[in-house]
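One structure is given here, and the rest of the page talks about it.
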Amino acid sequence: MLKKEYLNKDSTIKELLTYPSIKEFSKFILPLEHGYNPNSKLKDIAYLLPYHNNINTDTTLKSINYIIDRSEKGEEIFYKIYTDKEIKEDKSKANTGIFFFKGNKNAPFAIINAGGGFSYVGSIHEGFPYAIELNKRGYNAFVLQYRVEDGYRATQDLARAISYIIENKDLFEVDINNYSLWGSSAGARMVAAIGSRGLVSFGEKNYTKPNTIVMLYTGLASFTLNDPPTFMAVGDRDGIANPRVVENRFNEMKKAGLKVEFHKYKNVKHGFGLGIGTSAENWIDSAIKFWEKQSVKYEK
């Protein structure tokens with residue numbers, strides 16, 4: 001699938017940021033919100049992801065090179081979700097947008113929201129790798145770059161992204177009837193909020209809610225009886241999202257008659273990403289199968 005290595009483990013952050021075909025949006029690929037050493041090598045970026053574990057250099061490089069490869073082939077990868085006027089009125093909106101990983105024409109889409117404690121966006125670990133896995137199965141995937149420091153504004157950005165994709169469905173060539181929202185940690189709180197409250201609560205039109213929510217390792221307990229089918233997973237050694245809270249939410253949702261699936265993985269900590277080399281390694285296959293059960297009528 002990807003035959004060329006554009007950057008390698010010894011390439012620097014500076015080389016990534018200045019790579020010609022992606023320089024317009026390269027600052028959003030790594031979580032650089034807290035500052036960084038431009039001479040840091042890509043194999044050493046774990047310090048940029050303090051809330052995450054199991055950072056995998058091969059996965060990091062695969063994601064970066066996948067983005068570069070598609071850009072080199074002339075695909076448009078990054079889209080603004082706010083107008084120039086909106087950005088002029090609120091400059092924080094300039095730090096938003098969606099990465100588009102194109103799948104098959106008219107296939108369903110997923111929007112992926114990485115975590116980072118609303119202090120950074122960890123898409124390099126739990127955004128782009130998921131999008132690539134979804135692409136392998138023909139699905140369209142979007143990865144959201146949202147505003148940090150404020151969970152409500154971040155969720156507003158997600159609501160806007162959903163609206164933007166639905167309103168530009170012909171541009172993206174996606175099925176808008178069976179979309180799913182994926183979130184990890186802070187991102188899971190965002191997707192759950194949309195699932196419970198809809199888009200109107202966050203300033204957008206009353207478009208259809210997602211038909212599936214995928215939530216990884218967050219301690220959110222609340223839900224509504226109108227929540228979409230929900231997939232939840234957590235590691236039993238998670239020191240940030242209490243596994244008991246996650247499991248209790250699953251039990252309460254199941255008791256309420258909602259469609260839910262829950263996985264707890266042994267010896268796994270918070271922010272495990274794809275979980276490569278751990279008991280959580282196949283979680284994404286389970287999540288995709290769960291989504292496919294929720295009336296996704298799509299011939300691969």
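The values are calculated or read from the model by the stated rules, or taken from the named source; none is laboratory data. Worth saying up front: this structure is predicted, and the values here are computed from it rather than measured. Every residue, glycine as well, gets a Cβ built from its backbone with ideal geometry; the counts of neighbours run over all protein chains shown. Accessible surface is based on the protein model in full, side chains and every heavy atom, while ligands, DNA and RNA are left aside. Shrake-Rupley method; radii C 1.70, N 1.55, O 1.52, S 1.80 Å.
Around the Cα centre of the chain, unit charges on the Cβ atoms of Lys, Arg, Asp and Glu (plus for the first two, minus for the last two) sum to a dipole of about 360 debye. Could you tell me what percent of the accessible area of the chain is made up of carbon and sulfur, with a 1.4 Å probe and every protein chain present? Carbon and sulfur together cover 45 percent of it. Compared with the alpha-carbon gap, the fully stretched path from LYS255 to LYS88 is longer by 55.4 nm at 0.36 nm per residue. Among all helices in the chain defined by DSSP H, which have a length of 30 Å or more along the axis from Cα atoms plus a Kyte-Doolittle mean of at least -0.5? Length and hydropathy pass: none found.
Considering all different alpha carbon pairs of the range 1-141, the Kirkwood hydrodynamic radius works out to 15.8 Å. Normalised by the number of residues in the range 31-110, the average gap of Cα pairs under 8 Å and 6 or more apart makes the relative contact order 19 percent. A Förster distance of 45 Å, applied to the separation of the beta-carbon atoms of LYS105 and ARG244, puts the FRET efficiency at 0.55.
In this structure, the pairs whose alpha-carbon distance is over 32 Å, taken from LYS62/LYS289; LYS41/LYS136; LYS62/LYS85; LYS169/LYS269; LYS93/LYS209, are LYS62/LYS85; LYS169/LYS269. Calculated mean residue ellipticity, 222 nm, the chain: -9500 deg cm²/dmol, from DSSP H runs (n ≥ 4) at -39500 (n - 2.57) each, averaged per residue and rounded to 500.
Going by the alpha-carbon gyration tensor, a ≥ b ≥ c the square roots of its eigenvalues, is the range 80-140 rounded (a/c under 1.5) or, if a/c is not under 1.5, prolate (a/b greater than b/c) versus oblate? Because a/c hits 1.5 or more and a/b fails to exceed b/c, the range 80-140 counts as oblate.
Magnitude of the charge dipole for the range 168-300, about its Cα centre and with charges confined to Cβ atoms of Lys, Arg (+1) and Asp, Glu (-1), is about 380 debye. The orientation-averaged projected area of the convex hull spanned by the Cα atoms of the chain comes to 14.4 nm². Of the peptides 115-124, 159-168, the order by per-residue mean of other Cβ atoms within 10 Å, starting with the highest, comes out as 115-124, 159-168.
Please state, as a whole number in µm²/s, the translational diffusion coefficient that the Stokes-Einstein equation yields for the range 129-169 at 20 °C and 1.002 mPa s, with Rh defined as the Kirkwood radius across alpha carbon pairs. In µm²/s, the coefficient rounds to 187. Of all DSSP-defined beta bridges confined to the chain, some 25% are antiparallel rather than parallel. Per the Cα gyration tensor, the range 88-211 maps to an equivalent ellipsoid with semi-axes of 21, 17, 13 Å, ordered largest to smallest. GNM on the chain, alpha-carbon springs under 10 angstrom: the most fluctuating residue among ARG189, ARG147, ARG137 is ARG137.
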